[in-house]
Amino acid sequence: MKGVWNTFCNGRGMKTVLLFMLWSVFSNPEAPAQNGNFRSISNRAFKAGEVLNYRIHYGIIDAGIARLEVKPDLKTIGTRKAYHVVGIGETRGAFDWFFKVRDRYESYIDKDAMIPWIFIRRIDEGGYVKNQDVSFNHYNNTATSNKLTIPVPENVQDLISAFYYARNLDFAHAKVGDVFPMTAYLDDEVFPMNIRYVGKEKIKTRFGTFNCVKFRPMLLQGRVFKEEEDMTVWVTDDSNRIVVRAEAKILVGSIKMDLDGFSGLANPLTSKEK
């Protein structure tokens, strides 16, 4: 068991899976930010105080939990108001004995433009520890970490902010097979990625059956995933756009994340069948 987890978690394996499971996102072009003229996005999908809890399974084994929380109070960064979002991921039960994971991510997300100003990362994965603080300057399109400053594209996202930005996208006119680009920052690098719209599907959960929108991120083959589209993500087909389930085939098995609890939603869950 320990050998399997070392194969999966060492290097970028855990990072890549968390990236897509927490994001379940795609993005579309928006008006660029030039001289402080940031885009304006009307957020209807979430509000301050929302909490989403997930249970993670490795095969049939209950492996861990993930939690995303939008803190109740808005923060002020310069002249901008921002949501403070905290995401955690932890192993549980037997997996703690073989490969203990305690990850914490924080993002300060511009309330109107849905872009990150600060990204904080504190990870401990089987003894591998990494602390990273990143500040984004969207006036000159740069990101500065503990190590260096690099240029970034307009409206670049971090690991957490992309999830919340994507929840406000309009999927109504998407066609099966449509591919949407997104750009993300992680570990002092910018990653171009695509996500393919697959269609709609009903998903049974402990809370009932949900009508969902279905996507497949187009992933990097070989390192963690067997094929380019070995992950599938389902989000509620309503105004909340919360992730109900995410599944991924990896080189050493499969991993699944299911919605385990929620509170403080901005809208009724109209996607849930009565």
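Give the long-range amide H neighbours of K111: residues separated by 5 or more places, or on another chain, with amide H under 5 Å away, using H modelled in the peptide plane at 1.01 Å from N. Under 5 Å from the amide H of K111 lie the amide H atoms of K81, A82, Y83, each far enough along the sequence or on another chain.
Near the amide H of V101, within less than 5 Å, lie the amide hydrogens of T91, G126, all on another chain or at least 5 residues away, with H placed in the peptide plane. Couplings for the stretch 204-218, taken from phi via the Karplus curve 6.51 cos²θ - 1.76 cosθ + 1.60 with θ = phi - 60°, read 8, 9, 5, 9, x, 9, 10, 7, 10, 9, 10, 9, 10, x, 8 Hz in order; Gly and Pro are left as x. With neighbours defined as other Cβ atoms within 10 Å of a residue's Cβ, the residues Y197, Y108 order from fewest to most as Y197, Y108.
Taking the fewest neighbouring Cβ atoms within 10 Å as the starting point, the ordered list for H57, H138, H173, H84 is H173, H57, H84, H138.
The lysines whose alpha-carbon is closer than 23 Å to the alpha-carbon of K130, local same-chain residues fewer than 8 away aside, are K2, K15, K100, K147.
When the charge dipole of the stretch 47-121 is built from unit charges on Cβ atoms (+1 for Lys and Arg, -1 for Asp and Glu) and taken about the Cα centre, the candidate among Y58, W117, S107 whose Cα reaches farthest toward its positive end is W117. The modelled label-to-label distance for the pair L169/F207, using points 7 Å beyond Cα in the direction of Cβ, is 2.2 nm.
Derived scalar couplings between HN and Hα for the stretch 130-147 equal 9, 10, 9, 10, 10, 10, 9, 10, 7, 7, 10, 6, 9, 10, 10, 10, 5, 9 Hz in order, rounded to whole Hz, by the Karplus curve 6.51 cos²θ - 1.76 cosθ + 1.60 (θ = phi - 60°), x for Gly and Pro. Extension gain for I77 to N37 (0.36 nm times residue separation, less C-alpha to C-alpha distance): 12.8 nm. Annotation for the stretch 132-183 versus the stretch 58-81: alpha-carbon center distance of 17 Å. Peptides 123-135, 44-56 ranked from most to least packed, by the mean per-residue count of other Cβ atoms within 10 Å: 44-56, 123-135. When S271, S145 are sorted by how many other C-beta atoms sit within 10 angstrom of their C-beta, beginning with the fewest, the order is S145, S271.
Once you've got the Cα coordinates, tell me which of K200/K272; K71/K274; K47/K214 are over 20 Å apart. Check vs 20 Å cut-off fails for K71/K274; K47/K214.
Quick note: the coordinates plus some simple rules give every number you see, no bench work behind them. Because the structure is a prediction, the values reported are computed rather than measured. Note that each Cβ is placed from the backbone with ideal geometry, even for glycine, and that neighbours are counted across all protein chains shown.
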